[in-house]
1. For Ala236, all conditions in the list (1) part of a strand (DSSP E or B); (2) under 20 Å from the mean Cα position of the chain (by Cα); (3) under 26 Å from Pro138 (Cα atoms) hold save one; what is the number of the exception?
2. Within the range 14-38, how many residues turn out to be touching a strand residue (DSSP E or B) at 6+ places or on another chain (Cβ under 9 Å), among the β-branched types (Val, Ile, Thr) and more than 16 Å from ligand 1 (Cβ to nearest atom)?
3. Are there any pairs with C-beta distances below 7 angstrom linking a residue in the range 39-59 that is within 13 Å of Ala17 (Cβ to Cβ) to a residue that is among the hydroxyl-bearing types (Ser, Thr, Tyr), with the two at least 6 apart or on different chains, and if so which?
4. Considering the range 37-67 alone, what residues qualify as being among the small types (Gly, Ala, Ser) and in contact with a Ser or Thr (Cβ under 9 Å, 6 or more places away or on another chain)?
5. Find the residue count for the range 106-161, including only residues that are free of Cβ contacts under 8 Å to residues at least 60 places away in the same chain, surrounded by fewer than 24 Cβ atoms within 10 Å (Cβ to Cβ) and either hydrophobic (A, V, I, L, M, F, W, C) or within 18 Å of Arg65 (Cβ to Cβ) (or both).
6. Quick check on the range 34-56: of everything there that is within 12 Å of ligand 2 (Cβ to nearest atom) and not in a loop (DSSP other than H, G, I, E, B), which residue is nearest to the chain's Cα centre (by Cα)?
7. When you scan the range 162-178, how many residues do you find that are more than 16 Å from the chain's Cα centre (by Cα) and either under 14 Å from Gly69 (Cα atoms) or not in a loop (DSSP other than H, G, I, E, B) (or both)?
8. For His202, state whether it is under 18 Å from Ile292 (Cβ atoms), within 16 Å of ligand 2 (Cβ to nearest atom) and in contact (Cβ under 8 Å) with a residue 40 or more places away in the chain.
Amino acid sequence: MRKLIIDCDPGIDDALAILLALASRTDVDLLGVTCVRGNVALDKTHANARRILAAAGRLDIPVLRGLAGPILSPARAEAKAHGTDGLGGLDLPEPELPVPEMTAADFIRQQAALYPGEVMLCPIGPMSNVAVALLSDPLLAGRLHSIVFMGGAAFCPGNMNEHAEFNFLGDPHAAQVVLQSGARLVMFGLDVTLQAKIEPEHLDRLRRNGNRCSVLAADLLQVYAARDLHLHDPCALAWALDPSLFHGIQARVHVITDSGATFGQSVATPDPAGNCLVITGVDQERLFDLLIGRLA
Ligand code: RIB
Ligand code: CA
């Protein structure tokens, strides 16, 4: 059973990744969800994570607040694909539960120390929280099982401009801290996530499942697909469930943090001794079968 922490900026595709983890209780033990500013402001990403867990009946899972902006660069505009509230305007109630005092970075460090070598950290937003956790605890990189992140564009153009992908551009310095941390890294960049294309039949199949989480996923994707057809974040989560869905190459990856047109660009060079396994392909049909099957 893989112990997992999802660090996220919900965000509709983040929400799908959380639902997929919750629907896979025999494969993953979701220790907690940590939130960061990204698609929308921190107050909204944190509230949205609580709303999703409440909708799935899992208020036992702690939701921790993290950084309200990047560690060094100015905060960027919010994303449009997720609606102004970050969850497509769906009226999901926020639970009354008190908010834990512990910060996201402290929670990540605490769990890695509790379960040395076991925790897979899955950042699917800007990696500000992960960078703070790594910088404040020199032992963390070695204690984590791995960091499996959605971000960057290794061998393809970005989605914010021709150079940069949203999560890396959201906090390039944080991404560079993660890339040079020495932790075991698996990168789900646009190279693979742009292959995870939502089709109308996927929504039909989710609705035919008929259960609450499948219908919620279909409602969320209905809104999201109007602006972005790609299931970025669930790809990173699916790695924890079935790595055989994917293939990739080991590479040396760094992020450009100098200001200018390429700010936030990920630069990758194939290298068997590289710092990062860059995922470059997915069996799209099997990925959606996994998502739709698990949510049922
Ligand atoms: O570029 C895609 C990423 O940006 C996804 O994580 C999506 O949720 C947004 O955060
Ligand atoms: Ca995200």
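1. Exception for Ala236: condition (1).
2. Result for the range 14-38: 1.
3. Partner pairs satisfying both residue conditions: Asn39/Thr45.
4. Result: Gly38, Ala49, Gly66.
5. Summing the residues that are free of Cβ contacts under 8 Å to residues at least 60 places away in the same chain, surrounded by fewer than 24 Cβ atoms within 10 Å (Cβ to Cβ) and either hydrophobic (A, V, I, L, M, F, W, C) or within 18 Å of Arg65 (Cβ to Cβ) (or both) in the range 106-161 gives 11.
6. Cys35
7. Within the range 162-178, residues that are more than 16 Å from the chain's Cα centre (by Cα) and either under 14 Å from Gly69 (Cα atoms) or not in a loop (DSSP other than H, G, I, E, B) (or both) number 4.
8. When the stated conditions are applied, His202 does not pass them.
Each value in this text was obtained by applying a stated rule to the coordinates, not by laboratory testing. Just so you know, these numbers come straight off a predicted model, no measurement behind them. All Cβ positions, even for glycine, are placed from backbone atoms using ideal geometry, and neighbour counts span all protein chains on display.
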